[in-house]
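Colleague: A single structure is presented below for examination.
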Amino acid sequence: MAENKTADPNKTHIFDTTLRDGEQVPGAKLNLHEKLEIARRLARLNVDVIEAGFPRSSPGDFESVARIAEEIRGPEICGLARAVPEDIEVCAEAIKGAEKPRLHTFIGTSDVNIRSQLRKTRDEALKIAVDAVSLARSLCETVEFSPMDATRTEPAYLRDVVTATIEAGASVINIPDTVGYAVPRQFGKLIQYLFENVPNIDQARLSVHCHDDLGMATINSLTAVQRGARQIECTINGVGERAGNASLEECVMAIRTRQDYFGDIYTDINTKEIMPISRVVRRLMNMPVPPNKPIVGDNAFAHSSGIHQDGYLKNPETFEIMNPADVGISESKLILTARSGRRALRHRLEELGYELSEEQFVRVHERFVRVADQKKEVTDADLEAIVKDETHSTPPTFLFNYMQALSGTNLVPTTTISVKRGDETLEASETGNGPVDALYKAIERVTGVKMKLESYAISSVTGGKDAMGEVTVRVRRNGSSYVGVGASPDVLEASAKAMLDAINKAAHEESV
Ligand code: KIV
Ligand code: ZN
């Protein structure tokens, strides 16, 4: 096995791109506070690098990269830039406050990228890459370069680009499988080819960045590590463009669980933080994970067949290859009911990964008591819905106050909504084709904010007749799309809260 130059040759660096590649997903847009919350958790997870965003893409992205660079200590803070001088200069400015800044620049190197997107020749693309790395190095000590679409790039040309960009000063070379096209053996051979044919490869760390279009992002990343790559670019829950990126939890836990296979290779990830951050990411990005998702899915450690349950009870190792506690899944058997006190509630919320201010906790507790009065047991899913509903990372402009709806056969659906804006109480009534239509017209009237409803989805948070309903709306306003979520045992109230949540996000964005 070839070995890449790094302080400890067995350490595999974890480069998290949840806030950059992950945030590119439609509907997963995060505001500044949300990005900071995730960045703090990534630091606790002990990732080596946080790719915080793409500063030139928007002023909002610039600001969040700059804030993360100033506030987060521990991991390197990386910004992405195309191989374009203005991108690189803006990126260097955004990351300059970081304790350990890293500038990541890229250009497409496959023929389809060079000809169709860049409309250049291979020689011209190579020169642009070298100039970009040289400029980046003049502005930042640590420069990473990615030949985008590397797995569809002619290997000899890839070798030349990698050699030239290391020569120009890149100390990390990332090999992206941009479109998720690679298969493990072939990808491993490509990594080996680079180790064997790039003369100055010992002057850089080799990294991989795999997408999951064919479901092979994790195995491709791990195969590259076996061939000597020592950085994996990945995301929490595998979020990312299209089918997503390699998922951090899968790569890290595979290396840890199969030490017998991976030998001395290790990561520095604090695995107990995996489940808490997974929950935060799904909540803030509005991207639920399927129940059978490895490591973090609801069923990942659930045993349902009789034989499995029997074996598990006799010895967990019969059917469990990982200890759930190692990934931060609590073994707490605390059942929350109307009689549970504030301490039990706070403890469970902490286990679920929530850090609430005192004021937020008071609101969550009040709501918990109301829900617990209606239901026998308040589940984790109920709690997550309550917290989502009661805590807002940005101060809400409009607060739900109350609503009344009239509907039925031969009745014109009519809804009245009352909201609070500061000290003011506002109220409006409307009729519509159905109760939700009447409600949304009334909300438009009371807030004065016009939204185009793009999608409306309702789901039950838990089973049973007393389940909480969760409504997710996607709305559009002035070319931007906003997702709002609301939960309540009353689905109309959940619908109202979801729309107000989206309106508050739009109002916040428009005011900054
Ligand atoms: O998938 C990709 O190629 C990327 C690059 C910018 C590294 O995200
Ligand atoms: Zn990518």
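Colleague: Has segment 444-451 got at least one residue that is within 26 Å of ASP382 (Cβ to Cβ) and buried (at least 20 other Cβ atoms within 10 Å of the Cβ)?
Modeller: Looking through segment 444-451, none of the residues is within 26 Å of ASP382 (Cβ to Cβ) and buried (at least 20 other Cβ atoms within 10 Å of the Cβ).
For (1) more than 21 Å from VAL280 (Cβ to Cβ); (2) buried (at least 17 other Cβ atoms within 10 Å of the Cβ), each residue gets a yes or a no:
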residue	(1), (2)
PRO324	no, no
SER340	yes, yes
ARG348	no, yes
GLY353	no, yes
GLU358	no, no
VAL371	yes, yes
PRO395	no, no
ASN410	yes, no
LYS420	yes, no
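Colleague: Give me the residue from segment 104-157 that is of a type in the set (Lys, Arg) and farther than 22 Å from CYS210 by Cα and, out of that set, surrounded by the fewest Cβ atoms within 10 Å (Cβ to Cβ).
Modeller: The extreme case among them is ARG119.
Colleague: Taking into account only those residues within segment 215-235 that are more than 15 Å from ligand 1 (Cβ to nearest atom) and either farther than 20 Å from PRO288 by Cβ or at pLDDT below 95 (or both), which is surrounded by the fewest Cβ atoms within 10 Å (Cβ to Cβ)?
Modeller: GLN226
Colleague: Another question, then. Determine which member of the set VAL239, VAL327, VAL281 is in contact with a Phe, Trp or Tyr (Cβ under 9 Å, 6 or more places away or on another chain) and aliphatic (A, V, I, L, M).
Modeller: VAL327
Colleague: If you don't mind, another one. So is ALA164 buried (at least 18 other Cβ atoms within 10 Å of the Cβ), in a helix (DSSP H, G or I) and over 32 Å from the mean Cα position of the chain (by Cα) or not?
Modeller: yes
Colleague: Additional query: So, in segment 141-158, of the ones that are among the hydroxyl-bearing types (Ser, Thr, Tyr) and within 10 Å of ligand 1 (Cβ to nearest atom), which residue ends up farthest from HIS104 (Cα to Cα)?
Modeller: Here the residue is THR151.
Colleague: Related question: Identify, from the list SER110, SER146, the residue that is within 16 Å of ligand 2 (Cβ to nearest atom), farther than 30 Å from ILE38 by Cα and touching a strand residue (DSSP E or B) at 6+ places or on another chain (Cβ under 9 Å).
Modeller: Within the list SER110, SER146, the selection yields SER110.
Colleague: Taking TYR482, is it more than 17 Å from VAL387 (Cα to Cα), at pLDDT below 85 and crowded, with 17+ Cβ neighbours inside 10 Å?
Modeller: So TYR482 passes the test.
Colleague: For segment 371-392, how many residues meet the condition of being in a helix (DSSP H, G or I) and among the polar types (S, T, N, Q)?
Modeller: 1
Colleague: Looking only at helices (runs of 4 or more DSSP H) that fall completely inside segment 180-268, which ones have 1 or more residues that are more than 16 Å from ligand 2 (Cβ to nearest atom) and under 11 Å from THR12 (Cβ atoms)?
Modeller: So the answer is 217-226, 248-257, 259-262.
Colleague: Sticking with this structure for a sec: Just name the residue that is farthest from LEU45 (Cα to Cα) out of those in segment 236-252 that are charged (D, E, K, R) and either without any contact (Cβ under 8 Å) to a residue 40 or more places away in the chain or within 16 Å of ligand 1 (Cβ to nearest atom) (or both). Full working, then the answer.
Modeller: So in segment 236-252, the residues charged (D, E, K, R) come out as 241-242, 249-250.
Okay, now just the ones that are also either without any contact (Cβ under 8 Å) to a residue 40 or more places away in the chain or within 16 Å of ligand 1 (Cβ to nearest atom) (or both), so 241-242.
Working: GLU241: 23, ARG242: 25 Å.
Filtering first and then ranking leaves ARG242.
Colleague: For segment 343-374, how many residues meet the condition of being under 24 Å from MET275 (Cα atoms) and not basic (Lys, Arg)?
Modeller: 18
Colleague: Name the single residue that is surrounded by the fewest Cβ atoms within 10 Å (Cβ to Cβ) among those in segment 167-196 being in contact (Cβ under 8 Å) with a residue 40 or more places away in the chain and not β-branched (Val, Ile, Thr).
Modeller: Selected residue: GLU196.
The values are calculated or read from the model by the stated rules, or taken from the named source; none is laboratory data. Nothing here was measured: the structure is a model prediction, and the numbers come from that model. Heads up, the Cβs are rebuilt from the backbone with ideal geometry, glycines too, and the neighbour counts pull from every protein chain shown.
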